[in-house]
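First comes the structure, then the notes that go with it.
Computed from the coordinates by the stated procedures, all read-outs in this text should not be read as laboratory data. The structure displayed is predicted, hence computed values, not measured ones. When we count neighbours, we look across all protein chains shown, and the Cβ atoms used for this are built from the backbone with ideal geometry, even at glycine.
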Amino acid sequence: MYRIIFILLLFPIVAQSQSWTLEQCIQRAWDSNIQLHQAELNEQNVQLNEWTAMGAMLPSLNGQATHGYNWGQRIDPFTNSFASQRIQSNSFGISSSIDLFTGGQNWCNYQKVKDDVAAAHWTLENSRNQVALQTANAFLNVVLTSELEKIAASTMSSSQENLNRVQKQFSIGTVNESTLADIEAQSKSDAANWITAKNNYHLSVLALTQLLQLNPEESQNFIPSFPDLSLFAMDEVLPPKSLVLSTALGEQPSIKSAMFKVNSAEWAEKTARGALMPRVSASMSYGTGYSGAAKILTGSGSQMSFPIGTVGATNDWVFSLPQTVYSSSDYSLKPFNSQMRDNVNRSIFLSLTMPIFNGFQTQTQIKRAQINYKNAEWDLLSARQKLVTDVETAYANTEAARQTYQAQLSSKEANEKSYHMAVVRFENGLINATEMSIARNRWDIAKAQLIRSQLDFVFKRNILKFYMNQPIQLQP
């Protein structure tokens, strides 16, 4: 009845709990890992460089407009006459320029940036794989500690039942007090071992929830979902090592990232060499403007004659023929639209730049690009060697794990048989309680080692599948 009441009280809490599979844990780790988010931002940042490199091969186009006033003596740029009063001026225009030939630098840089984008992508994928491996390792540790806790609980229960039986036998005088003390001590020891195993399980769950960055509510309701270990095929034939190696060298993100970095360094060297070539560029402009000093004649003027001399005999003035004289009132400001049409100016230029000497900068950059290219090649070779070593080690560990499992399975079966026989002999008085406890301990250790070796084989087999570009999963 108490158990039923406890279960009913616990049911609302359990109902709110979430069961987490390994696949769900890996997905959550990807979503919450800070380094992965930073790697994603780095990939986006590199992708922006691709737009910049592409734009460098396209013509530029800019517009400009000005509005201002001028005081003091100056030459008006639109009338080519001196102006001393305040003058309003406006100018409008567009200009464009394009590199016709840059020694291939723009094209090589664009190809380099494309390889940088690919390298950043595969670096991100490699980081995702490392997070998945770390999460799988933590999850399998939870599975292992859970199984060891079950074994410890079963051992404690069996030890308690054995103690109850010996206490009854002691009460009727069939066993002595020394035997009862030994069995009671073993029972207390098994209870302590169970508490230790339970704490280890909780600590492994805590480590996993911290890795997943779960909030307090999610951590409280976290329940890992374990597959039935008995359903795993422990006699699965491993793929040939040569196949694992060839697949890993061709598909692993770490290798692809290093390869694209080599390509990027090669294009960087070509870009540096392009600085030795001449540069040809073209530019054009189209503009117009307005000036407050621009005037047009709108009045008719006045007819006036001017004295040009005198008659010698009479001293009478001699006047010129009538001329038309214009005053400031005969002029008006030239309309804005007319000035915009009349002041149009156009230009187009071709320019050639020939590098002759620039303080050894070009040669230095070429040498530096060559060194970076060699370093990238060494990084690729190092990545290949490390991957080959990792795959060969993983393959050997997987084979060893399967052999260890087979040995532990035989050990567990033999110790189980030995323990059951020890129980019979103890009940018949042929051995003492200490000898029976030793047989029982050997069986418990064998069960724990079998579980450990089984999980070790399952994990290492998943590592091989990971190197063959298959997702990490815990499925029978």
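Quick notes on this structure:
- The chain: calculated mean residue ellipticity at 222 nm from DSSP helix runs of at least 4, using -39500 (n - 2.57): -22000 deg cm²/dmol
- Share of alpha-carbon pairs per 20 Å distance bin for the chain, given as whole %: 15, 27, 21, 15, 11, 7, 3, 1, 0
- Only alpha carbons enter this Debye calculation for the range 125-223, each as an equal point scatterer, and the log10 of I(q)/I(0) it gives at q = 0.24 Å⁻¹ is -1.12.
- Assigned charges on the beta-carbon of Lys, Arg, Asp, Glu; the range 334-476 dipole about Cα centre (debye): 680 debye
- Spatial separation of Cα centroids for the range 359-420 and the range 217-284, in angstrom: 15 Å
- Leading residue at positive end of dipole, the chain (Cβ point charges), from M57, L36, V117: M57
- When the range 348-476 is described by a simple charge dipole with +1 on each Lys and Arg Cβ and -1 on each Asp and Glu Cβ, the residue from S418, T404, F360 located farthest towards its positive end is F360.
- In plain terms, the residue of K374, K112, K261 with the fewest other Cβ atoms within 10 Å comes first and the most crowded comes last, giving K374, K112, K261.
- Residue among T21, I451, S95 farthest towards the positive dipole end of the chain, charges placed on Cβ: S95
- Evaluated over the range 393-476, the count of Lys pairs having alpha-carbon atoms less than 25 Å apart is 4 (only pairs 8 or more residues apart or interchain).
- As a rough footprinting exposure proxy, the listed residues Y405, Y69 were ranked by other beta carbons within 10 Å of their own, and the order from fewest upward is Y69, Y405.
- The mean sequence separation of alpha-carbon pairs under 8 Å and at least six residues apart, normalised by the residue count of the range 336-476, gives a relative contact order of 26 percent.
- The range 203-354: translational diffusion in µm²/s, Stokes-Einstein, Kirkwood Rh over Cα pairs, 37 °C, 0.692 mPa s: 115 µm²/s
- Take every pair of alpha-carbon atoms less than 8 Å apart whose residues are at least six positions apart; their mean separation over the length of the range 238-393 yields a relative contact order of 39 percent.
- The chain, relative contact order in percent, only Cα pairs under 8 angstrom and at least six apart counted: 22 percent
- All aspartates and glutamates inside 15 Å of K334 as judged from Cα atoms, apart from same-chain residues fewer than 8 positions distant: D76, D342
- Two-decimal ratio, the range 383-433, of alpha-carbon radius of gyration to 2.2 N^0.38 Å: 2.12
- Assigned charges on the beta-carbon of Lys, Arg, Asp, Glu; the chain dipole about Cα centre (debye): 940 debye
- Average projected area [Cα convex hull, the range 342-476], square nanometres: 21.4 nm²
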